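Undergrad: Pasting a structure here, questions to come.
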Amino acid sequence: MITLVLQFRSAMADLFRTRRDRFIVAGLVSIGALVSAAELLSAQLFSNIIIPDTGVTRTTNDTIVLAAVFLVVFGGLRVINYGQSLYRVNVFEKAFHGNSASRAGESWRWATAMELTSILTMGARIVVIGAALFFLSPGFGLANLIIALGVIQVFGISLRRQFVTQQGFRDQQQAKEPVSSADKVRARIKAGELASLIASVGVMILMAALIALTVLGDIAAGAALVSFLAVRMIGQMYSGIASGLMRFARARVNSD
């Protein structure tokens with residue numbers, strides 16, 4: 001965990017020199033987290049549509065209204081994601097304007113910034129989803145927190161090793177003994193996929209725990225459905241972070 005925090009903090013300070021730029025980036029990350037919260041709310045709405053509360057009578061018109069609200073919210077979230085992605089490019093352009101780095105160095109800075117903000121956004125989303133799981137089921141939320149801490153440790157170790165690997169590749173290139181592109185890509189993908197695989201084991205444990213708690217009656221059917229979708233989202237973001245960290249290490253080493 002310490003490795004991740006130090007590397008992200010250092011990269012943020014190097015890429016975004018002014019407090020204003022860092023504040024804007026933090027805002028973009030926060031928007032991504034809020035989107036995940038809204039996605040979970042829309043999932044809860046969807047579960048209420050298909051699994052009405054016991055004893056509640058709903059007319060066809062009520063179901064149509066709820067479905068329309070769900071579609072509007074779902075579509076609105078896609079628009080917000082699209083706007084966030086476009087605005088992020090504008091933020092980077094302003095932050096890097098007038099930078100004295102070479103064209104190659106500037107490209108690596110852009111790559112570093114893209115990976116950094118993507119990883120931070122996915123991390124913020126995982127935090128929000130984890131908080132929602134505590135609300136749905138404190139016991140399951142605690143299990144998710146324990147798994148998340150273990151996954152973070154794995155990611156930190158993988159990132160530290162990848163920095164060493166990428167620095168070795170750069171040193172060989174500067175010594176006029178470059179490693180083949182295939183070896184570079186293989187090393188990055190292998191490390192990312194291994195970290196993702198380990199994270200997937202944690203997700204499988206969460207799935208097993210969710211099934212057990214649902215069978216025992218500790219989690220209602222609607223909450224179980226939302227929790228399942230939340231765990232699926234977390235698993236996808238773990239995979240995205242794992243591969244993103246390897247690209248971040250590559251871009252960070254080459255942008256120095």
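The values are calculated or read from the model by the stated rules, or taken from the named source; none is laboratory data. These figures come from a predicted structure and were not determined experimentally. With ideal geometry, Cβ positions are generated from the backbone for all residues, glycine too; neighbour counts draw on all protein chains shown.
Undergrad: Looking at SER36 and the list (1) more than 19 Å from LEU136 (Cβ to Cβ); (2) at pLDDT below 80, which single condition is not satisfied?
TA: For SER36, the failing item is (1).
Undergrad: Let me ask you something else. Please name all residue pairs, on different chains or six or more residues apart, with Cβ atoms under 6 Å, provided the first residue is in the range 46-75 and is closer than 17 Å to LEU229 by Cβ and surrounded by 13 or more Cβ atoms within 10 Å (Cβ to Cβ) and the second residue is at pLDDT 75 or above and of a type in the set (Val, Ile, Thr).
TA: If the second residue must be at pLDDT 75 or above and of a type in the set (Val, Ile, Thr), the pairs left are SER47/VAL226.
Undergrad: OK, next. With (1) at pLDDT below 90; (2) crowded, with 22+ Cβ neighbours inside 10 Å as the list, and LEU116 as the residue in question, which single condition is left unmet?
TA: Of everything listed in (1) at pLDDT below 90; (2) crowded, with 22+ Cβ neighbours inside 10 Å, LEU116 misses just condition (1).
Undergrad: Which residues, counting only those in the range 169-186, are of a type in the set (S, T, N, Q) and surrounded by 10 or more Cβ atoms within 10 Å (Cβ to Cβ)?
TA: Within the range 169-186, the first condition is being of a type in the set (S, T, N, Q), and the residues that meet it are 172-174, 180-181.
Selection gives GLN172, GLN173.
Undergrad: Please go through the range 15-29 and pick out each residue that is in contact (Cβ under 8 Å) with a residue 40 or more places away in the chain, surrounded by 14 or more Cβ atoms within 10 Å (Cβ to Cβ) and not β-branched (Val, Ile, Thr).
TA: Across the range 15-29, the qualifying residues are LEU15, PHE16, ASP21, LEU28.
Undergrad: For residues that are outside any loop (DSSP other than H, G, I, E, B), acidic (Asp, Glu) and modelled with pLDDT under 75, tally how many sit in the range 53-112.
TA: Matching residues across the range 53-112 total 1.
Undergrad: Please go through the range 202-223 and give me each residue that is farther than 13 Å from GLY139 by Cβ and either assigned to a helix (DSSP H, G or I) or modelled with pLDDT of 90 or more (or both), ordered by number.
TA: Applying the first criterion (farther than 13 Å from GLY139 by Cβ) to the range 202-223 yields 202-205, 207-208, 211, 215, 220-222.
Listed by number, the residues that qualify are GLY202, VAL203, MET204, ILE205, MET207, ALA208, ILE211, VAL215, ALA221, GLY222.
Undergrad: Check whether at least one residue in the range 4-16 is under 25 Å from VAL151 (Cβ atoms), modelled with pLDDT of 80 or more and among the charged types (D, E, K, R), and report yes or no. I'd like the intermediate steps shown before the answer.
TA: Of the residues in the range 4-16, the ones under 25 Å from VAL151 (Cβ atoms) are 4-12.
Subsequent filtering for residues that are modelled with pLDDT of 80 or more retains 4-12.
Pick out the ones that are also among the charged types (D, E, K, R) and you get 9.
Checked against the condition, which is being under 25 Å from VAL151 (Cβ atoms), modelled with pLDDT of 80 or more and among the charged types (D, E, K, R), the range 4-16 yields at least one hit.
Undergrad: Do we have GLN236 as surrounded by fewer than 16 Cβ atoms within 10 Å (Cβ to Cβ) and either under 30 Å from VAL128 (Cβ atoms) or touching an Asp or Glu at 6+ places or on another chain (Cβ under 8 Å) (or both) here?
TA: yes
Undergrad: Output the residues belonging to the range 137-148 that are surrounded by fewer than 21 Cβ atoms within 10 Å (Cβ to Cβ) and under 15 Å from GLN44 (Cα atoms).
TA: none
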